[in-house]
Amino acid sequence: EPEVTQTPSHQVTQMGQEVILRCVPISNHLYFYWYRQILGQKVEFLVSFYNNEISEKSEIFDDQFSVERPDGSNFTLKIRSTKLEDSAMYFCASQSSGGYQETQYFGPGTRLLVL
Amino acid sequence: AQRVTQPEKLLSVFKGAPVELKCNYSYSGSPELFWYVQYSRQRLQLLLRHISRESIKGFTADLNKGETSFHLKKPFAQEEDSAMYYCALRYNFNKFYFGSGTKLNVKP
């Protein structure tokens with residue numbers, strides 16, 4: 001069964017550095033998402049992406065964040081200048097269509113630690 | 001504003017006992033609600049959605065618009081049901097709000 005994959009599984013970075021988290025959604029899926037989960041807290045929606053543009057974003061998704069689908073298969077989340085509070089698990093998800101109650105398929109996550 | 005509340009952080013039951021994981025939502029529009037489950041060391045996966053009215057792994061959930069609830073129920077819990085359960089609301093075009101999650105612990 002096809003799965004969403006994410007790389008790397010873990011990333012450690014210094015405060016102020018840029019990081020790029022990578023996701024390969026399920027092929028033929030059209031909707032893509034990023035979420036984060038700070039340790040011990042709930043899953044928070046960051047952004048949804050469709051047709052090569054952001055369709056929705058949360059208040060968390062400020063100018064430090066950007067998303068891209070550079071080559072038709074990867075879906076990336078870039079954090080421009082990381083802060084300590086960006087330390088979290090980041091999940092990517094994909095969905096075949098925007099239909100009512102469509103299933104989202106989640107990746108295994110990337111654990112980001114900012115020192 | 002939209003919100004999802006899962007009042008219990010942890011729910012412990014014995015094997016064979018009934019389980020009810022509570023979820024209440026707040027949304028002025030027509031809600032789309034889901035239950036997601038995360039087993040230990042595994043990824044989040046969809047368990048149920050309100051429209052399908054199906055039973056998955058013995059779990060059911062009914063959307064009650066009057067009480068703004070979408071509680072997850074199972075009549076007889078199994079040890080393999082032990083996991084984190086998240087209630088989620090989809091709103092606007094494509095935004096999601098997850099509840100804080102309930103950890104279900106089924107004891108032998």
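The values are calculated or read from the model by the stated rules, or taken from the named source; none is laboratory data. Computed from a predicted structure; not experimentally measured. Cβ atoms come from the backbone with ideal geometry, glycine included; neighbour counts cover every protein chain shown. Heavy atoms of the whole protein, side chains included, go into the accessibility calculation; ligands, DNA and RNA do not. Shrake-Rupley method; radii C 1.70, N 1.55, O 1.52, S 1.80 Å.
Structure notes:
- Those residues of the range A:62-74 which are of a type outside the set (Asp, Glu) and modelled with pLDDT under 95, in sequence order: A:Arg69, A:Pro70, A:Gly72, A:Ser73, A:Asn74
- Hits in the range B:1-43 - residues which are part of a loop (DSSP other than H, G, I, E, B) and among the basic types (Lys, Arg): B:Lys9, B:Lys15, B:Lys22, B:Arg41, B:Arg43
- Residues (under 24 Å from B:Ser100 (Cα atoms) and either β-branched (Val, Ile, Thr) or surrounded by fewer than 17 Cβ atoms within 10 Å (Cβ to Cβ) (or both)) located in the range A:13-41: A:Ile38, A:Leu39, A:Gly40, A:Gln41
- Selection from the range B:1-50 of residues that are closer than 25 Å to A:Trp34 by Cβ and hydrophobic (A, V, I, L, M, F, W, C): B:Ala1, B:Val4, B:Cys23, B:Leu33, B:Phe34, B:Trp35, B:Val37, B:Leu44, B:Leu46, B:Leu47, B:Leu48
- Condition met for B:Arg53 (touching a Gly at 6+ places or on another chain (Cβ under 8 Å), within 13 Å of chain A (Cβ to nearest Cβ) and either part of a loop (DSSP other than H, G, I, E, B) or closer than 26 Å to A:Pro108 by Cβ (or both)): no
- Scanning the range B:56-103 for residues that are in a strand (DSSP E or B), open to solvent by 40 Å² or more (accessible area, probe 1.4 Å), closer than 22 Å to B:Ser12 by Cα and in contact (Cβ under 8 Å) with a residue 12 or more places away in the chain gives B:Thr60, B:Lys73, B:Met84, B:Lys103.
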